[in-house]
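The structure appears below as structure tokens.
The values are calculated or read from the model by the stated rules, or taken from the named source; none is laboratory data. Source: prediction; values computed, not measured. Here the Cβ positions follow ideal geometry from the backbone for every residue, glycine too, while neighbour counts run over all protein chains shown.
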Amino acid sequence: MKAITEKVKQLSVVLVEQKKKINSAAHCLKLCDAFRKTKPPPLDGLESFLQTCKAGREKTFLELTNGNAAVAKIEEVIARCLKERKTMAKVLMKDHLEFQRQKVEMTEEKLYKNAKLYKERLRIQAKRQSF
């Protein structure tokens, strides 16, 4: 159970890192769009400027989509781990309750046996006193 909890913690750290990458890529896309809207491209290097913007935007968009896919996979693994931990907890609780039930039964049997032995001792003692 501790191993699953530790794995969930590690995956949560990775998830946070992936979300930071996604936020960074989304921010870069917004900046690229804002730059394109506010600053007119230079006329002499228009073709190279457009290619540079397009390449940067494609790279950023690819990072964004890869980050989203990674986040989805990590969240799926975390969900499976949590489900496994819940299942293990149920099994452990069931085993613990069974152990407690058996312990109570053994205690009741001991008490019954001790009561029988006590009655037998009293009977023998009464028999000895009657002589």
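Key figures for this structure:
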item	result
Matching residues in region 5-47 - criterion: being hydrophobic (A, V, I, L, M, F, W, C), in contact with a helix residue (DSSP H, G or I) (Cβ under 8 Å, 6 or more places away or on another chain) and modelled with pLDDT of 80 or more	V8, L11, V14, L15, I22, A25, A26
Condition check for K90: modelled with pLDDT under 85 and either in a helix (DSSP H, G or I) or surrounded by 11 or more Cβ atoms within 10 Å (Cβ to Cβ) (or both)	no
Flag for A70 being of a type in the set (A, V, I, L, M, F, W, C), modelled with pLDDT of 90 or more, within 28 Å of A26 (Cβ to Cβ) and within 28 Å of the chain's Cα centre (by Cα)	no
